[in-house]
1. Need the failing condition index for residue 21 against (1) buried (at least 16 other Cβ atoms within 10 Å of the Cβ); (2) of a type in the set (A, V, I, L, M); (3) free of Cβ contacts under 8 Å to residues at least 12 places away in the same chain, just the number.
2. Within the stretch 35-44, is there a residue that is touching a strand residue (DSSP E or B) at 6+ places or on another chain (Cβ under 8 Å), over 24 Å from residue 128 (Cβ atoms) and of a type in the set (Gly, Ala, Ser)?
3. Checking the condition at pLDDT 95 or above, of a type in the set (D, E, K, R), under 18 Å from residue 17 (Cα atoms) and touching a helix residue (DSSP H, G or I) at 6+ places or on another chain (Cβ under 7 Å), which residue from 132, 56, 108, 79 passes?
4. Being surrounded by 14 or more Cβ atoms within 10 Å (Cβ to Cβ) and part of a helix (DSSP H, G or I) narrows it down to one residue among 127, 71; which is it?
5. Which pairs turn up if I take residues in the stretch 65-77 that are assigned by TED's automatic domain parsing to the domain that holds residue 54 and look for partners that are surrounded by fewer than 20 Cβ atoms within 10 Å (Cβ to Cβ) and part of a loop (DSSP other than H, G, I, E, B) with beta carbon separation below 8 Å, at least 6 apart in sequence or on another chain?
Amino acid sequence: MDETERIAVIQQFGRTYRVFMQSFESQVGQPMPRWRILIALHDHAGELSQKKLVERLRVDPGALTRQLKTLEALGWIARSVDQRDNRISNVILTDEGRAVVNAGLPRRNTFLSETLSTLPDEAITALSGALRVLEQRIIEVASTSSESDATLSDNA
């Protein structure tokens with residue numbers, strides 16, 4: 001595969017990602033970043049620390065804080081300082097937030113099922129493996145690049 005074909009694959013990956021994100025929001029009723037927070041809380045008895053959310057979702061802490069402010073304004077979550085350690089901020093799914101998740105789960109399940117229904121299991125397994133390898137490689141290349149940039153600026 002030549003460089004042009006490799007670039008085309010990455011461009012297709014980007015287009016597929018954008019279409020998926022737009023379609024997910026229109027079908028489920030929530031943008032993916034917001035949904036991921038809600039479902040993470042739902043899956044953990046409705047409560048996690050902000051730090052645990054960052055780790056679980058693998059998101060930037062600042063981006064998470066912005067999403068949490070929106071969710072809090074909607075009344076879907078509440079934030080509080082941990083009673084045992086005031087350095088920890090806990091995030092709690094409210095009853096209204098739980099209702100949003102419960103309403104969205106069947107739509108999400110239907111959307112994902114219908115989206116993948118025409119792909120054989122072997123193709124889904126192969127795609128999953130390829131995406132894991134690609135993600136890991138992107139992380140490796142980015143960290144190597146960051147280390148090189150840091151070395152260059154240290155030597156400047």
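1. Every condition holds for residue 21 apart from (1).
2. Residues of the stretch 35-44 that are touching a strand residue (DSSP E or B) at 6+ places or on another chain (Cβ under 8 Å), as a first pass: 37-38, 40-42.
Those still in the list that are over 24 Å from residue 128 (Cβ atoms) too: 41.
Then drop every residue that is not of a type in the set (Gly, Ala, Ser), which leaves none.
No, there is no match, as no residue in the stretch 35-44 is touching a strand residue (DSSP E or B) at 6+ places or on another chain (Cβ under 8 Å), over 24 Å from residue 128 (Cβ atoms) and of a type in the set (Gly, Ala, Ser).
3. On the way: 132 fails: touching a helix residue (DSSP H, G or I) at 6+ places or on another chain (Cβ under 7 Å); 56 fails: under 18 Å from residue 17 (Cα atoms); 79 fails: under 18 Å from residue 17 (Cα atoms).
Every option except 108 fails the conditions.
4. On the way: 127 fails: surrounded by 14 or more Cβ atoms within 10 Å (Cβ to Cβ).
Being surrounded by 14 or more Cβ atoms within 10 Å (Cβ to Cβ) and part of a helix (DSSP H, G or I) holds for just one of 127, 71, which is 71.
5. So the pair list comes out as 75/94; 76/94; 77/94.
The values are calculated or read from the model by the stated rules, or taken from the named source; none is laboratory data. Since this is a predicted model, take the numbers as computed values, not measurements. No Cβ is skipped: glycine too gets one built from the backbone with ideal geometry, and neighbour counts run over all protein chains shown.
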